[in-house]
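Visitor: Take this structure first; my questions come after.
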């Protein structure tokens, strides 16, 4: 039985997806349009406001009004927007775990997924920062305790050998 569990964990870390139990369906999230990156969206809003001012100077009140309406719509979408999903993978473990803790405090999830590795699907065994994954696993266990189910999504960042080494860190 132990060999089967180890093999399943290795496959998951190496990029395959296995489900140990049936999970309830996820609630549907509202679809967002436009730029996914919040900083990019804010820059776009600034551009649109400058364009509205220019249209107003040129006497094109209708165009200025359309642009301001689009800006208001984008601002409303941004209020509910979440940060770029790959950004935590590039952050220090402390920052990543704080984001995870905030999400967990809202949802009270029974399991937590950590994003590790570069996420390049190349099996390159490269972290964004040396030792980041090891530190992330240790800090997550300290933060959430032994009863919380922790999962790691390496998005194919690790070879089988490296996935086994990482798995040995959680035991």
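Visitor: What are the residues in the range 134-166 that are in a loop (DSSP other than H, G, I, E, B) and touching a strand residue (DSSP E or B) at 6+ places or on another chain (Cβ under 9 Å), if any?
Guide: Of everything in the range 134-166, those that are in a loop (DSSP other than H, G, I, E, B) and touching a strand residue (DSSP E or B) at 6+ places or on another chain (Cβ under 9 Å) turn out to be 148, 154, 155.
Visitor: Another question about this same structure. Which residues, taken from the range 109-133, are under 18 Å from residue 160 (Cβ atoms) and out of contact with any strand residue (DSSP E or B) (no Cβ under 8 Å at 6 or more places or on another chain)?
Guide: The answer is 117, 118, 119, 120, 121, 122, 123, 124, 125, 126, 127.
Visitor: Another question about this same structure. Suppose we filter the range 151-163 for residues that are surrounded by fewer than 16 Cβ atoms within 10 Å (Cβ to Cβ) and under 19 Å from residue 94 (Cα atoms); how many remain?
Guide: Total satisfying the criteria: 1.
Visitor: Which condition number does residue 34 fail, the rest of (1) under 30 Å from residue 109 (Cβ atoms); (2) modelled with pLDDT of 90 or more being met?
Guide: If we test residue 34 against (1) under 30 Å from residue 109 (Cβ atoms); (2) modelled with pLDDT of 90 or more, just (2) comes out false.
Visitor: Just checking, which of 166, 112, 137, 126 is farther than 18 Å from residue 91 by Cα, assigned by TED's automatic domain parsing to the domain that holds residue 91 and surrounded by 12 or more Cβ atoms within 10 Å (Cβ to Cβ)?
Guide: 166
Visitor: I've got another one for you. Any chance the range 90-104 includes a residue that's assigned to a loop (DSSP other than H, G, I, E, B) and at pLDDT 60 or above?
Guide: yes
The values are calculated or read from the model by the stated rules, or taken from the named source; none is laboratory data. Predicted model, so just to flag it, every value in this text is computed and none were measured. Cβ coordinates were reconstructed from backbone atoms using ideal geometry, including for glycine residues, and neighbour counts include every protein chain displayed.
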